[in-house]
Structures are given as structure tokens and as C-alpha cells.
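Scroll down for the structure; my scribbles are underneath it.
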Amino acid sequence: MRKKIVAGNWKMNNDKNETKILIADLKESLKGVELENTRVIIAPAFVFLQRTAKKIKNSKLEVAAQNMHQEESGAYTGEVSAKMLKSVGVNTVILGHSERREYFGETDTLLTKKVNRALQHKLEVIFCFGEKLEDRKSGNHFEVVKAQLKNALFHLNSEDWQHIILAYEPVWAIGTGETASPEQAQEMHAFVRELVAERYISDVSEEVSILYGGSVKPANAKEIFSKEDVDGGLIGGAALHADDFLAIINAI
């Protein structure tokens, strides 16, 4: 049975004290919450990863990095390697986020290298993909998603997929207040699961968790999560507020 997952991507938000308070609030609130078959992941800024990994020990929270470099080491000023993440207690990394693709020019070719490096170091990957508004309007959204997945992930073997989580992000619904309807989310998630089934054995497609990321809020989370192929969410803005994030966790 595939896991339900709620992951909070904090992006470039929260200073040291804000991070400390939010973690403490989440830990305390989750003490009495039954999380059967559900994982809760938070992804703070790089500078707080080691502190967060220590703070959440023996709690119901897990920690993820928001990105990593594709090379093992070297003269890459300002970058962070997979080995560094592992050394501070991080076991999951978000790769391919639409903001990384848009603002930092990350391509499928680059993301293939990042995925390979992460798996080499036994890091779990939350792999993000999704179409822009012009792709959706032109009816090309399925082809765009197919290409992103095929180019960056379909070279992997079946065993590697035990360490892959997929996160569908319609770019037009991130930070815009717009949200794909539950039906649109289900349609794409089902399409993706079928793509994986065509490339691999059915066990892989049935076991991989596919998250929805795109302006998920307490008000719409339950309906989105009720869809058969939606296994949780990659949450942005709402993950920065303990009450909102907890409401979304409860909705799963």
C-alpha cells in the first residue's frame, strides 16, 4: 500500500527563530495525531537543515532539502552536495521544482544527473514536474509532463523507484491562488501512473506516491486528497503556518 505524504516546502522563508517556533508548534500538535500510513515532511532552508534534523528526532516529522548539486564535490561556490546532506541527517531531497526550472534554468538533462547523484547516496527524491499555463491552454500538458518524466526518470530501474516520490505541480497554480480542480489533478495523476505502468511493471506504478502541488489550502485539501491517484501534497505557502499545515495533514 503506497504511503500518503504531506510535504511542506518552506522555500526562502523563515529565519532561525521562525524556523524554531514552527518546528516546535508542529511537533507539539502532531503528538496526538494518528498518522497511519502517512508521512509528514518539512523542507526548511539549507542553513537550518542540521538543526532541524536534530530537533525532529523521535517526532512524527521528517526533514528534506529543497535542492542539491549534481556533482560529488568541487569548485561550485555556494552549492550543496548529496554527501553533505547525508552527513547532517537529511535523507530526502526535492528536485525539479518549477522555480528551479524557471529561475535557475534547470533542464531535464541536469535533473537526470541530480537524480542519479541523489540515488547514488541513497537519498530519497521528491521529483517535481508540471506544465505551464500556455501548455495547458494549448492542450499540450500531457506531452510536456510525459517528456519531463521520460527524460529525467525513465532510465532508472524498477528498484530505484522505491526511492522516488512524484509531485505534480501545474506551474500556473503555484503561488497564483489558482488551483487545478480535483478532477484535473486526478486526470493528470492517473495519466502519470499509467505512464509509469507502461514503462515498468504494475507494482512500480501502484506503489509510487504521487503528490499534488499547487496552492493547496485547508479549504480544498480534503477534496483534492480524496481522489484515487492523489497521494498527498507538496505544500508551499500554507506550510509556513502551523495551523494551516496541520489542517492539511488532517485532511489526508
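Among the helices (runs of 4 or more DSSP H) contained in region 71-187, which hold 1 or more residues that are polar (S, T, N, Q), in contact (Cβ under 8 Å) with a residue 60 or more places away in the chain and crowded, with 19+ Cβ neighbours inside 10 Å? Please lay out each step first, then the result.
Values: elements: 82-87, 98-104, 108-120, 133-138, 141-153.
Counting at least 1 such residues, we get 98-104.
Note on region 196-225: residues that are closer than 16 Å to residue 4 by Cα, of a type in the set (S, T, N, Q) and touching a helix residue (DSSP H, G or I) at 6+ places or on another chain (Cβ under 7 Å) amount to 1. The single condition from (1) of a type outside the set (Val, Ile, Thr); (2) in contact with a helix residue (DSSP H, G or I) (Cβ under 8 Å, 6 or more places away or on another chain); (3) outside any loop (DSSP other than H, G, I, E, B); (4) under 15 Å from residue 11 (Cα atoms) that residue 67 fails is (3).
Of all positions in region 214-230, at least one carries a residue that is buried (at least 23 other Cβ atoms within 10 Å of the Cβ), in contact with a Pro (Cβ under 6 Å, 6 or more places away or on another chain) and of a type outside the set (A, V, I, L, M, F, W, C). Applying the condition of being among the β-branched types (Val, Ile, Thr) and touching a helix residue (DSSP H, G or I) at 6+ places or on another chain (Cβ under 8 Å) to region 174-195 and asking which residue is modelled with the highest pLDDT yields 192. Among the conditions (1) within 15 Å of residue 212 (Cα to Cα); (2) within 18 Å of the chain's Cα centre (by Cα), residue 187 misses just one, which is (2). Restricting 217, 227 to those that are among the charged types (D, E, K, R) and modelled with pLDDT under 95 reduces the list to 217.
The values are calculated or read from the model by the stated rules, or taken from the named source; none is laboratory data. Everything numeric here is computed off the predicted structure, so don't read it as measured data. Cβ sites come from the backbone with ideal geometry, for glycine too, and all protein chains shown count toward neighbours.
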